[in-house]
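Scroll down for the structure; my scribbles are underneath it.
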Amino acid sequence: MKTICKIILLASFFALLTLFANNCSDNHELNLNVTAVTQLNEPADDISVPLQSSASAAVYFEWEPAIAEDGEIVVYEVVFDREDGDFSNPVARIASDGKGLRTYASITHKQLNKIAAMMGIAASATGKYQWTVFSSKGVMGSKAAETRMIEVTRLAGFADIPAAVYVIGEGSESGSDFSQALKMRIIEEGEFETFTKLTAGQSYYFVDAISGTPKQYYIDGELLKENGTSMINQTGIYKITLDFNSGIAVYSKVNAVKWYHCNSDTKNLEIPYVGRGVWALNKHTMTAEDFGSEQTNPRYRFVMEYSDGTETVWGPANFNEDAMPGDTPAAAYFYAKEYTMADGVTPFVPKWKRNLPNGTSWIGYTYNMSLILQATTPYTHTLIETTPDDPDPDPGPNPAPTELYIMGEGSEGGSVLTQAVKMTSIEDGVFKMFTQLTAGQNYYFVDANIGTPKQYSTTAGVLNENGTSIVSETGIYKIVLNFIDNTAVYSKISAVKWFHCNTGNKALELPYTNRGVWALNDYTMTDENFVGGDNSKTNPRYRFVMEYSDGTETVWGPVNTNEDGTPNGDPAYFHAKEYMAADLVDLFPENERQFKPKWKRTQNNSVSWVGYTYDLSLILQADNSYTHTLIEK
């Protein structure tokens, strides 16, 4: 609607400017009298238009000219109202072509779709609305003597098309931190694409911004819908295409990306996926296995194999590129585009060439190579000659540290090194922590809290040496840093709640205190904590639930998944482990998931919780096993 209004305002301004210039200079009184349009020509009354998502699809509107009493210009608007409207308060106005000066207007299907949405016609539904033409000198318009009806079948998509789209959520590479959300590439207006890893059993979704209160979208089958989350059943690398014009989403699982030597028609060399739309292989020395009988021709490209058995070619954006890159190649030489056989692909076209003469064998040469499919830069690739002894082009923070801490003004550790908060090492090269981060203030990671430690930072889900990090939203975060694949995943935590298994009640929220601890002291249980389920106030089973900002939640229960005893004096009884939704599905039948995993309080099954006072906490710190307390007072 903003676009429509801007067009009208421009037209009105142009008309009034002309009127004032002509009339005021001659000292005439302003004459705004304009006749009404006497006849509408196109389109025919009651025309039916199945709207299309193509940007060029349009309906042509035309009418007979009106006459200005003073002989000056007339401004026209095509005006739309509901089927039973009288145009006293029309739903939409669109200026005619030529900034409102022509007696015709080419109105796109996307504009008509937006107007239909304003009329209340649902996506994919068919409905009618009226149209006519107003003629004026920019103000006080005259309505045409005729009105007509138009019937449209709306696109399945959205009236308001987002300008940007991002992927976020536990099932995505971004985690739940909006500042880490993965941006999708705009293919054309309303169409977005990304190549990314998705994790089975964990939710993810799409947003139109990474600050403020963004709109949220998800996939239901093949349909793109507002609000909600998505989940896939198979972990993998996916090409995702979202078309907001048609409301359709297409997922294509990528099995492999392979380097392809054109002359030998060989694609034995697979490039591993490293994250966020990048496949890379460093310091690979070419061998005879990478080629067929022909090992000297410089032509190469990449092949992308999909799980449905199809494959595409990634070659130069210039399909007929036939040059070598030269000693100082332009960045555009390496730009990449995806092609299918329908695009005219042959064994030798499209292709790039390495920067060595045709008679030189590839065997024995060492290369760093990559295919980079990200939204923030043109799709591109690298083929960089190196030696086995040269450092990697982007070594990241390897070798992995044995310890890791967080510090900086944006962290709970502050800027004093000895106060840095330690992370938990969950396996070699992988660290995790639960901590508060403050928006707009820097923080970073170090491998020691004494001496002169190495420093690390994260940027858009990637782990780097040196630098500092920042989040856009203050909150409690679960942070996982993986030095094996140089990734960083942030998940914002909304709440930790005590959960009574039999009632399914989780009304009791534990406040976050600091440094990975949620605690509630001197709390006396009430009836409100046991509403639901069988309303049992006596059953001793309990656990904790952690709710994340993306709408997902996890369970914190005993490390021993089958724990069924009561406290026995061993601290290990209280040790805690996080279970994802997929873990619960794998471990327990559906009818047991509300009750397992669980701890039990000391009192037996016949004693009510109500009236008992407890100190309770969930303690997720690196210096101790993850644990919890439930201490009767």
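Can you compute the modelled spin-label distance between T387 and D447, with each label point 7 Å from Cα toward Cβ, in nm?
With each label point 7 Å from Cα toward Cβ, the separation is 2.5 nm.
Roughly what percent of Cα-Cα pairs across segment 57-172 reach past 26 Å?
Of all Cα-Cα distances in segment 57-172, 29 percent exceed 26 Å.
How far, in nm, would the chain grow between E528 and E338 when pulled straight, counting 0.36 nm per residue and subtracting the alpha carbon separation?
My answer for the length gained is 62.6 nm.
What list of ³J(HN,Hα) couplings, whole Hz, do you get for segment 341-351 from phi and the Karplus terms 6.51, -1.76, 1.60, once you set θ to phi - 60° and write x for glycine and proline?
The phi angles translate into 4, 5, 7, x, 5, 10, x, 10, 9, x, 6 Hz.
With the cut-off at 1.5 for a/c, could you classify the chain from its C-alpha gyration tensor as rounded, prolate or oblate? Intermediate results must be reported in sequence, preceding the final value.
Numbers: a/c = 2.32, a/b = 1.34, b/c = 1.73.
Oblate, because a/c is 1.5 or more while a/b does not exceed b/c.
Among T552, V152, S211, pick out the residue whose Cα is farthest towards the positive end of the charge dipole of the chain, where Lys and Arg carry +1 and Asp and Glu carry -1 on C-beta, about the Cα centre.
Value: T552.
Given R₀ = 35 Å, FRET efficiency for A58-M140 by Cβ-Cβ distance, to 0.05? Could you put the intermediate results ahead of the total?
Numbers: r = 29 Å, r/R0 = 0.84.
The pair A58/M140 has a calculated efficiency of 0.75.
Under the rule a/c < 1.5 gives rounded, and otherwise a/b versus b/c splits prolate from oblate, where does segment 178-259 land using the Cα gyration tensor?
Rounded, because the longest to shortest axis ratio a/c is under 1.5.
Calculate the dipole size of segment 561-633 relative to its Cα centre from +1 charges on Lys and Arg beta carbons and -1 charges on Asp and Glu beta carbons; express the result in debye to the nearest 20. Mind dumping the intermediate values first?
Values: 7 positive and 11 negative charges, 54 e Å.
That gives a dipole near 260 debye.
Among the listed pairs K478/K537; K110/K183; K225/K258; K110/K197; K183/K283; K110/K137, give every one whose C-alpha distance is greater than 26 Å.
K478/K537; K225/K258; K110/K197; K183/K283; K110/K137
What 222 nm value per residue comes from the helices of the chain, counting each DSSP H run with n ≥ 4 as -39,500 (n - 2.57) and dividing by all residues, nearest 500 deg cm²/dmol? All intermediate terms of the calculation are to be shown ahead of the outcome.
Numbers: 3 runs with 42 residues, N = 633.
Value at 222 nm, helices only: -2000 deg cm²/dmol.
Once both axes come from the Cα atoms, what is the angle between helix 2-25 and the longest principal axis of the chain, in degrees from 0 to 90, rounded to 10?
40
With r as the distance between the Cβ atoms of E473 and A200 and R0 = 22 Å, compute the FRET efficiency 1/(1 + (r/R0)^6) and round to 0.05.
The pair A200/E473 has a calculated efficiency of 0.20.
So, for the chain, what is the accessible surface per residue at a probe of 1.4 Å, expressed in square angstrom?
So the chain comes to 45 Å² accessible per residue, rounded to a whole number.
Which far-off residues, 5 or more places away or on another chain, put their amide H under 5 Å from the one on A256, with H placed in the peptide plane?
Answer set, sorted by chain and number: E305.
For the chain, give the percent of accessible area contributed by carbon and sulfur heavy atoms, probe 1.4 Å, rounded to a whole number.
On the chain, the fraction of accessible area on carbon and sulfur atoms equals 49 percent.
Under 1.5 on a/c is rounded, so check that first for segment 447-504, then, if it is not, pick prolate when a/b is larger than b/c and oblate when it is not; a ≥ b ≥ c are the square roots of the alpha carbon gyration tensor eigenvalues.
Since a/c reaches 1.5 and a/b is larger than b/c, the shape of segment 447-504 is classed as prolate.
Sticking with the crude label model, points 7 Å out along Cα→Cβ, report the distance from I631 to K99 in nm, one decimal please.
In this crude label model, I631 to K99 measures out at 7.7 nm.
Let's see if you can work this out: charge +1 on each Lys and Arg Cβ, -1 on each Asp and Glu Cβ, no other charges. What is the dipole magnitude of the chain about its Cα centre, in debye to the nearest 20?
Result for the chain is approximately 820 debye, rounded to the nearest 20.
Calculate, in nm to one decimal, what A44 and N591 gain on full extension: separation in residues at 0.36 nm each, minus their alpha carbon distance. Don't skip to the end; give the middle numbers.
Numbers: separation 547, 0.36 × 547 = 196.92 nm, distance 6.17 nm.
So the chain would gain 190.7 nm between A44 and N591.
³J(HN,Hα) across segment 616-633 via Karplus (A = 6.51, B = -1.76, C = 1.60, θ = phi - 60°), whole Hz, x for Gly/Pro?
10, 7, 10, 10, 10, 10, 6, 7, 9, 4, 4, 8, 8, 10, 9, 10, 6, 9
Report relative contact order for the chain in percent, whole number only (criteria: Cα-Cα under 8 Å, sequence separation at least 6).
Rounded, it is 8 percent for the chain.
Which of the lysines could be linked to K633 by a straight reach, that is with a Cα gap under 17 Å, when you skip same-chain ones fewer than 8 residues away?
In chain and number order, the partners are K600.
For helix 109-119, report the angle its Cα long axis makes with the longest principal axis of the Cα atoms of the chain; keep it between 0 and 90° and round to the nearest 10°.
80
Hey, got the dipole for segment 495-539? About the Cα centre, +1 on K and R Cβ, -1 on D and E Cβ, debye to the nearest 20?
Here the size comes out at about 200 debye.
The values are calculated or read from the model by the stated rules, or taken from the named source; none is laboratory data. Because the structure is a prediction, the values reported are computed rather than measured. Note: ideal-geometry Cβ built from the backbone for every residue, glycine included; neighbour counts use all protein chains shown. For accessibility, only protein heavy atoms count, side chains too; no ligands or nucleic acids. Shrake-Rupley method; radii C 1.70, N 1.55, O 1.52, S 1.80 Å.
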